[in-house]
Amino acid sequence: MRRFHHRSNHQTWTRRQYEIFGLDPSEPAPNLESFLAFVHPEDRALVTFGPTDLWQGSGILDSEFRITKPDGEHRWLTSHSLVRHDANGEAFEVVGVNWDATERKRAEQHQQFLLAELQHRVRNTLAVIRSIARRTGATSETAEDYALHFEGRLDAFARIQAATTRDPRAGVDLASLVAEEMLSAAVREGEHLAMAGPMVKLRGKGAETFALAVHELATNAVKYGALAAEAGRIEINWQIENGALHFRWTESRLDAPLTPPSRRGFGMEILE
């Protein structure tokens, strides 16, 4: 709680008010001018008592404003103030309460961020699905071939969407992304698969595209490459060189030499 004495321009604070502002309770409470020095310049109009708001207005003022503590920390406060009048009806004092609303404001801002992220992801998801459907149809020879490829690509896209929405700001671990796609192809690290590389985080569109690319590589390996051979092996490694990610996918122990594809498919487009 705080009291502002209009005639003396003096304030009286409780210990909790000192704690909120990061001040020593043994020191005198700030006057109005020094109090305003704590308030963010853009918010000072919200806490300035004048003839148009408190003194000759309704006598009540509710506001939210930012302060900067002596250590430089920024906090949000919610304030409720009420004017007291003397026997002659003249305003002589404002009694107010400030609550530290920082955590609530941060939660609201995080919620707004998540809502904006959700709206962006919905638009992006629909665009990607349309693209997958259109390009898969353009490069499929039969309805069965279309259904098989379309379902696989949607599954891969759904997996990466689940990973990216767990914590949009943190990104997706590349090793986990690759491991999950390989697991969907029924292969784990061991005789047929080796993976190695440093910690790398992928975010947003980059993670989505990369997951689809790995899915295409794994699908081709199952149909034509190392995973179609009994003793086939895939070695996957990545590293950061000169600020760029270098990703290597090597297949060996194939049953027969690979032949170049007869046409360009959606998978090649994704990889390129």
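Rounded to the nearest 0.05, what FRET efficiency is calculated for Glu189 and Ala244 with R0 set to 25 Å and r the Cβ-Cβ distance?
Efficiency, rounded to the nearest 0.05: 0.50.
Apply the a/c threshold of 1.5 to the C-alpha gyration tensor of segment 115-216 and tell me whether it is rounded, prolate or oblate. Could the numbers behind the result be given before it?
Values: a/c = 2.58, a/b = 1.09, b/c = 2.37.
Taking the square roots of the gyration eigenvalues as a ≥ b ≥ c, segment 115-216 is oblate.
What ranking, highest mean first, results for peptides 232-240, 259-267 when packing means the other Cβ atoms within 10 Å averaged over each residue?
Values: 232-240: 16.9, 259-267: 11.7.
Order by mean packing, descending: 232-240, 259-267.
Of the heavy-atom accessible surface of segment 51-153 (probe 1.4 angstrom), what whole percent is carbon and sulfur?
On the way: 3520 of 6350 Å².
Of the solvent-accessible surface of segment 51-153, carbon and sulfur hold 55 percent.
Would segment 131-185 count as rounded, prolate or oblate if I go by the C-alpha gyration tensor, calling it rounded below 1.5 in a/c and otherwise prolate when a/b exceeds b/c, oblate otherwise?
prolate
Using a 1.4 angstrom probe and counting only protein chains, how large is the accessible area of Met1 in Å², to 10?
Counting only protein heavy atoms, the figure is 90 Å².
With springs connecting C-alpha atoms under 10 Å apart, model the chain as a Gaussian network and identify which of Ser26, Ser79, Ser63 has the largest mean-square fluctuation.
Evaluated over the chain, the most mobile residue of the options is Ser26.
What length, rounded to one decimal in nm, is gained on full extension from Ala138 through to Asp24, with 0.36 nm per residue of separation minus their alpha-carbon distance?
Difference between extended and current length: 33.8 nm.
Mind checking the angle between helix 204-223 and the chain's longest principal axis? C-alpha axes, 0 to 90 degrees, to the nearest 10.
20
If you place +1 on the Cβ of every Lys and Arg, -1 on the Cβ of every Asp and Glu, and leave all else neutral, what size is the dipole of segment 51-199 about its Cα centre, to the nearest 20 Debye?
360
Kindly report the accessible area of segment 168-272 per residue (heavy atoms of protein chains, probe 1.4 Å, no ligands, DNA or RNA), in Å².
57
Testing the spin-label approximation: label points 7 Å from Cα along Cα→Cβ at Ala256 and Asn124. State their distance in nm.
Computed distance between label sites Ala256 and Asn124 equals 4.2 nm.
For the chain, with a Gaussian network of springs between Cα atoms less than 10 Å apart, report the residue from Val94, Val178, Val187 with the top mean-square fluctuation.
Val94
Compute the angle between helix 174-184 and the longest alpha-carbon principal axis of the chain, please, reported from 0 to 90 degrees and rounded to the nearest 10.
50
Determine which lysines satisfy two conditions relative to Lys69: a Cα distance under 23 Å, and not lying fewer than 8 residues away in the same chain.
Those lysines meeting the cut-off are Lys105.
Between (1) 6, 18, 16, 13, 13, 10, 8, 5, 4, 3, 2, 1, 0; (2) 6, 21, 19, 11, 9, 11, 11, 8, 3, 1, 0; (3) 6, 25, 31, 24, 12, 2, 0, which matches P(r) over Cα pairs in 10 Å bins from 0, in percent calculated for the structure shown?
Only one listed value fits the structure, namely (2).
The values are calculated or read from the model by the stated rules, or taken from the named source; none is laboratory data. Predicted model only: the values in this text are computed from it and were never measured. A quick note on method: Cβ atoms are made from the backbone with ideal geometry, for glycine too, and the neighbour counts reach across all protein chains shown. Surface accessibility is based on the protein's heavy atoms, side chains included, excluding ligands, DNA and RNA. Shrake-Rupley method; radii C 1.70, N 1.55, O 1.52, S 1.80 Å.
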